[in-house]
Amino acid sequence: MSNGFLQAASPKDLSAWLKYIEQLHPSAIEMGLGRIKKVADRLALKPTFKIITVAGTNGKGSTCTMLSQIYQHAGYRVGCYTSPHILRYNERVQVNGQEVNDAALCAAFAAVEAARQGSTEQGGAISLTYFEIGTLAAVWHFVQAGIDVAVLEIGLGGRLDAVNAFEPDCTVVTNVDLDHQDLLGDTRELIGYEKAGVYRPLIPAICGDINPPSTLIAYAKDVNADFKYIQHEFGYELADSGWYYLSNQQRVYHLPLPALKGKYQLNNAACAVAAVTTLQSVLPVTVESIVKAMQEIKLMGRFYTDARFPWLILDVAHNPHAAVALAENLKALKSTASNNTGEPINILSVFSMLADKDVKGVIEALKHEIDTWYVAPIEHVRGASVAALVEAIKAVIPDASVKIFASLADAYAQSYLDRESCIEQRGNDKIVAFGSFFTVSSVMQYLNEHVNTPLRKQ
């Protein structure tokens with residue numbers, strides 16, 4: 001039978017399912033919507049809830065989380081699908097801010113697998129990537145969960161991404177910069193065209209890029225999208241306490257600064273509020289709901305500090321655009337600490353990246369803010385070698401202080417010990433782990449394993 005796999009050897013738990021779907025397709029990425037739409041049709045997957053699709057080079061996760069929080073506070077049942085995850089796959093699929101449990105994810109994967117294999121009459125099995133199966137499973141679960149609105153994060157690009165197989169009620173492109181050039185193109189114009197592919201006729205099309213590529217604007221006009229971009233149709237204005245959300249240069253809401261650190265988060269917040277505003281007729285939201293969301297939002301890996309480890313900053317910055325934002329946050333942190341104590345602070349970085357990223361561009365953005373680099377490899381086939389990382393650091397900062405380790409856990413452990421050894425002289429020194437989701441994940445896993453056995457200098 002066409003679905004004999006499920007009858008004979010269905011994976012028994014989430015870990016087994018993830019291993020299974022990882023090996024189903026010969027490549028990790030295959031752009032295109034034809035295959036996923038066929039399987040969605042087999043599943044009769046036609047969501048009736050509202051969908052907000054979020055694309056962009058950076059800021060997608062923050063914007064998705066803001067939207068999810070706003071709608072939760074407004075009393076809606078909200079599904080949120082993001083990627084990648086940091087510690088566990090369940091982070092990707094959430095309902096009302098809670099990770100979906102293993103059993104529900106296994107049920108979703110089983111439903112998708114049955115449809116993917118199909119019958120002889122349907123044409124047999126269709127090959128899908130890990131991300132395509134994950135996207136179908138998330139939307140399938142949201143249907144079962146009876147949500148009111150789904151916030152779906154584009155995985156890569158936009159036009160040909162699996163998420164774009166589902167018709168949105170509102171679309172957001174947070175910004176456009178260089179990343180994934182091998183798949184999306186090596187200019188902002190080419191990348192902008194791909195990201196604009198989420199826009200639809202007559203549907204709100206939000207853009208948080210202050211200087212959008214002409215291709216993005218042209219695409220929006222060509223499809224007759226309801227295009228609005230930041231500091232034009234909507235925007236923000238800093239205030240003595242908080243910020244104003246602007247519509248057509250007019251102050252509409254006075255809001256608290258987002259709990260997520262960094263001025264760039266105001267762009268993401270303005271995009272989120274713009275999306276909410278455009279959907280007010282179908283999903284009414286009060287300003288009180290927006291205020292509460294701004295005050296409470298937290299997102300691991302975005303200049304994130306765990307209360308258990310106040311000396312550590314976790315940031316998934318993995319391209320130059322994100323690294324510039326991280327540098328701005330670190331510079332502000334140094335300035336604040338110096339003003340408060342009169343003492344300078346050092347920044348120790350636990351650093352690793354994927355080989356297909358712009359390593360030199362990231363280092364260039366942070367060269368004035370990092371004092372010591374603790375370099376180790378990412379345990380992934382795409383991970384850059386330590387030699388390549390050190391070469392890139394030295395090319396940008398010839399006299400950089402660099403320490404090399406066999407693992408990111410070892411790199412963090414030594415950075416912690418080095419910080420401890422100087423704590424009497426510089427009690428405000430910080431450690432920042434950055435460069436990739438894998439970097440942050442490795443450090444977080446180590447911390448969770450050693451939370452009750454903190455390191456001490458021998």
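The values are calculated or read from the model by the stated rules, or taken from the named source; none is laboratory data. Just so we're clear, the structure is a prediction, and the values are computed from it rather than from any experiment. Methodologically, a virtual Cβ is constructed for each residue, glycine included, from the backbone with ideal geometry; neighbour enumeration extends over all protein chains shown. For accessibility, only protein heavy atoms count, side chains too; no ligands or nucleic acids. Shrake-Rupley method; radii C 1.70, N 1.55, O 1.52, S 1.80 Å.
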- [ ] Could you give the size of the charge dipole of the stretch 136-252 about its Cα centre, using +1 on the Cβ of each K and R and -1 on the Cβ of each D and E, expressed in debye and rounded to the nearest 20?
- [x] 260 debye
TODO: Towards the positive end of the charge dipole of the chain, with charges on Cβ (+1 Lys, Arg; -1 Asp, Glu), say which of ALA40, GLY197, SER62 has the farthest Cα.
DONE: ALA40
- [ ] At most 16 other Cβ atoms within 10 Å and a DSSP loop assignment: could you name the trypsin sites (Lys or Arg not before Pro) in the stretch 87-148 that fit?
- [x] ARG88
Task: Förster radius 60 Å - calculated FRET efficiency between ILE404 and GLN144, Cβ distance, rounded to 0.05 - done: 0.80
Task: Computed [θ] at 222 nm, deg cm²/dmol, the chain (DSSP H ≥ 4; -39,500 (n - 2.57); rounded to nearest 500) - done: -12500 deg cm²/dmol
Open item on the list: If I take R0 = 22 Å and measure r between the Cβ atoms of LYS367 and LYS263 in this structure, what FRET efficiency does the formula 1/(1 + (r/R0)^6) give, to the nearest 0.05?
Closed with: 0.60
Task: Placed amide H near TYR253: partners under 5 Å, 5+ positions off or other chain - done: TYR245
Open item on the list: Taking 25 °C and 0.890 mPa s as the conditions, I'd like the Stokes-Einstein D for the stretch 144-188 in µm²/s, using the Kirkwood hydrodynamic radius from alpha carbon pairs.
Closed with: 197 µm²/s
Open item on the list: I need the Kirkwood Rh of the chain: take the reciprocal of the average 1/r across all distinct C-alpha pairs and report it in angstrom.
Closed with: 23.2 Å
TODO: Starting from the Cα-Cα distance between GLU296 and LEU190, subtract it from 0.36 nm times their residue separation and give me the gain in nm to one decimal.
DONE: 34.5 nm
TODO: Please give the FRET efficiency for ARG251 paired with LEU417, using the beta carbon to beta carbon distance and R0 = 60 Å, rounded to the nearest 0.05.
DONE: 0.75
TODO: Can you list which of the trypsin sites (Lys or Arg not before Pro) found in the stretch 272-311 are DSSP loop residues with at most 16 other C-beta atoms within 10 Å?
DONE: LYS298, ARG308
TODO: Give the long-range amide H neighbours of TYR374: residues separated by 5 or more places, or on another chain, with amide H under 5 Å away, using H modelled in the peptide plane at 1.01 Å from N.
DONE: SER349, VAL350, PHE351, LYS403
Open item on the list: If you take every residue apart from SER442 with its C-beta less than 12 Å away from the C-beta of SER442, what net charge results, scoring Lys and Arg +1 and Asp and Glu -1?
Closed with: -3
TODO: May I ask you to give the percent of accessible area on the chain that is carbon plus sulfur, with a probe radius of 1.4 Å?
DONE: 51 percent
Open item on the list: Placing unit charges on C-beta atoms (Lys and Arg positive, Asp and Glu negative, everything else neutral), compute the dipole magnitude of the chain about its Cα centre in debye, rounded to 20.
Closed with: 440 debye
- [ ] Note down the net charge around LEU330, summing +1 for each Lys or Arg and -1 for each Asp or Glu among other residues with Cβ under 11 Å from its Cβ.
- [x] 0
Open item on the list: Just to confirm, what accessible area per residue do you get for the chain at 1.4 Å probe, in whole Å²?
Closed with: 42 Å²
